[in-house]
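Visitor: Have a look at this one.
The values are calculated or read from the model by the stated rules, or taken from the named source; none is laboratory data. Computed from a predicted model, the values in this text were never measured in an experiment. Cβ: placed from backbone, ideal geometry, glycine included. Neighbour counts: every protein chain shown. Keep in mind that these areas ignore ligands, DNA and RNA; they rest on the heavy atoms of the full protein, side chains included. Shrake-Rupley method; radii C 1.70, N 1.55, O 1.52, S 1.80 Å.
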Amino acid sequence: MQDQGRSTRKRTGGRLKDTRNRKKHQLGRLPTETQVGEGRFRTVAVRGNGSKTRALATDVANVTSGGETVTATITDVVENDANPNYVRRNIITKGAIIDTDEGQARVTSRPGQTGQVNAVRLE
């Protein structure tokens, strides 16, 4: 989410002058919007000499059921509370319900941040 800063107007309606410029760490990035498809990943440098792996597209999920984890193939996005359009566009976010060859599962990881899809099978 991008920082939009404070209002440019006072309570009285007068204009406020900028007291300083924005810092680099205050700027955000656009959402990754991980899609279902052949795996594509991008490494992004982050603050503090770290890095994140963003999943631009993936068709593999780690599905957990009853304490056992298996690797499953993602076929479709069934439901996504984050945005109804994400279902039509097959975009995976945390909380999305995906259809896999192991059955339906709810995504518990953030693929745009961690680069992998972890999910819990729905009974």
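Visitor: What number goes with the only condition from (1) touching a Gly at 6+ places or on another chain (Cβ under 8 Å); (2) open to solvent by 40 Å² or more (accessible area, probe 1.4 Å); (3) at pLDDT 95 or above; (4) not small (Gly, Ala, Ser) that Lys52 does not pass?
Guide: (3)
Visitor: Restricting to region 26-49, give me the number of residues that are open to solvent by less than 70 Å² (accessible area, probe 1.4 Å) and either modelled with pLDDT of 95 or more or in contact with a strand residue (DSSP E or B) (Cβ under 8 Å, 6 or more places away or on another chain) (or both).
Guide: Counting residues in region 26-49 that are open to solvent by less than 70 Å² (accessible area, probe 1.4 Å) and either modelled with pLDDT of 95 or more or in contact with a strand residue (DSSP E or B) (Cβ under 8 Å, 6 or more places away or on another chain) (or both) gives 8.
Visitor: Take Gly66 and tell me if it is of a type outside the set (A, V, I, L, M) and touching a strand residue (DSSP E or B) at 6+ places or on another chain (Cβ under 7 Å).
Guide: Values: of a type outside the set (A, V, I, L, M): yes; touching a strand residue (DSSP E or B) at 6+ places or on another chain (Cβ under 7 Å): no.
Criteria not met by Gly66.
Visitor: Taking region 85-107 on its own, how many of its residues are open to solvent by 10 Å² or more (accessible area, probe 1.4 Å), within 15 Å of the chain's Cα centre (by Cα) and not polar (S, T, N, Q)?
Guide: The number of residues fulfilling the criteria is 7.
Visitor: Mind telling me which of the residues Val63, Val77 ends up being touching a Lys or Arg at 6+ places or on another chain (Cβ under 7 Å), of a type outside the set (Lys, Arg) and at pLDDT 95 or above?
Guide: Numbers: Val77 fails: touching a Lys or Arg at 6+ places or on another chain (Cβ under 7 Å).
None of the others qualify; the one that does is Val63.
Visitor: Go through (1) at positive phi; (2) free of Cβ contacts under 8 Å to residues at least 40 places away in the same chain for Gly115 and report which single condition fails.
Guide: In the conditions (1) at positive phi; (2) free of Cβ contacts under 8 Å to residues at least 40 places away in the same chain, Gly115 misses (2) alone.
Visitor: For region 108-123, how many residues meet the condition of being surrounded by 20 or more Cβ atoms within 10 Å (Cβ to Cβ), small (Gly, Ala, Ser) and closer than 16 Å to Glu33 by Cβ?
Guide: Here the count works out to 2.
Visitor: Just one of the numbered conditions (1) open to solvent by 70 Å² or more (accessible area, probe 1.4 Å); (2) out of contact with any strand residue (DSSP E or B) (no Cβ under 7 Å at 6 or more places or on another chain); (3) within 30 Å of Thr73 (Cα to Cα) is not true of Lys23; which one?
Guide: All conditions pass for Lys23, except number (3).
Visitor: Are there any strands (runs of 3 or more DSSP E) wholly within region 45-112 with 2 or more residues that are free of Cβ contacts under 8 Å to residues at least 12 places away in the same chain, and if so which? Write out each step before concluding.
Guide: Details: elements: 50-58, 60-65, 68-79, 97-100, 103-107.
Here the list reads 50-58, 68-79.
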